[in-house]
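The structure under discussion appears below in the form of structure tokens.
The values are calculated or read from the model by the stated rules, or taken from the named source; none is laboratory data. Since this is a predicted model, take the numbers as computed values, not measurements. Please note: Cβ atoms are built from the backbone with ideal geometry, for glycine as well, and neighbour counts cover all protein chains shown.
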Amino acid sequence: MITRGRVRLRSVRRDDLPALWALFGDDLELQSLVSDRPPTPRSFERLVGQYEDELRHEPRPTFVVEADGDVVGRCELHSVDQYSRRCEVGIALGREHRGKGYGQEAVRALVEYAFRHLNMNRVWLQVLAHDARAVAAYRRAGFVEEGRLRGHSWHDGRYRDVLVMAVLREEPPAG
């Protein structure tokens, strides 16, 4: 378990699945923001299947985000490269929990975990350039824009630019 400010990150448990389903369910808009795959309706059974699949395979660091005792989202480290000491961060918060600073605190905690416990040197992410709210939150969490991939992602009926942002171990921690 990791605590930072008002949030707590802990492992995903089977009994979290109904809360995660209630937060995200068939939210196609959220799916299109957090994935480069086409958004598709997903059933609760598929969520359970994905959870069970993750249990059977080598797990990647995946956490439930709690705030004030409630499940407000999920975050993870993926594309973990032990040789180059880098990984990518991903986070999703339920609609009603956005804009409250929970995501920023969770991302900071996740970066700290990656540096301290996984010995990563670089934590990076990709974000849609037009998602000003997310870009600003990542900047506040210490991420620096490294580049722009022009017309990189199909989102909401058009090709969009994607920003590559990262934070390095030797950089001063944010907040």
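Side notes on the structure shown:
- Pairs, first more than 16 Å from Ser11 (Cβ to Cβ) in the range 73-84, second among the acidic types (Asp, Glu), C-beta under 7 Å, six or more apart: Ser79/Glu88
- The lone criterion from (1) modelled with pLDDT of 90 or more; (2) over 19 Å from Arg8 (Cα atoms); (3) exposed (fewer than 14 other Cβ atoms within 10 Å of the Cβ) left unmet by His117 is number (2).
- Of the residues making up the range 1-17, those that are within 12 Å of Leu110 (Cα to Cα) and polar (S, T, N, Q) number 1.
- For the range 1-52, the candidate set comprises residues that are hydroxyl-bearing (Ser, Thr, Tyr) and buried (at least 16 other Cβ atoms within 10 Å of the Cβ); within that set, the residue that is modelled with the highest pLDDT is Tyr51.
- Cβ-Cβ distances below 6 Å connect the following pairs, each with a first residue in the range 113-131 that is within 19 Å of Val65 (Cβ to Cβ), a second residue that is of a type in the set (Val, Ile, Thr) and assigned to a strand (DSSP E or B), and a separation of six or more residues or different chains: Tyr113/Ile2; Ala114/Val123; Val123/Val89; Val123/Val167; Leu125/Val89.
- Comparison of Val164, Val135 shows that the only residue that is surrounded by 12 or more Cβ atoms within 10 Å (Cβ to Cβ), of a type in the set (A, V, I, L, M, F, W, C), in contact with a Gly (Cβ under 7 Å, 6 or more places away or on another chain) and closer than 20 Å to His78 by Cα is Val164.
- Scan of the range 79-103 for residues that are more than 21 Å from Asn119 (Cβ to Cβ), in contact with a strand residue (DSSP E or B) (Cβ under 8 Å, 6 or more places away or on another chain) and not in a strand (DSSP E or B), ordered by number: Gly94, His97, Lys100, Tyr102, Gly103
- Selection count where residues are over 17 Å from Val162 (Cβ atoms), touching a helix residue (DSSP H, G or I) at 6+ places or on another chain (Cβ under 7 Å) and not hydrophobic (A, V, I, L, M, F, W, C), scope the range 100-135: 2
- Test: Glu76 is at pLDDT below 95 and not in a strand (DSSP E or B): no
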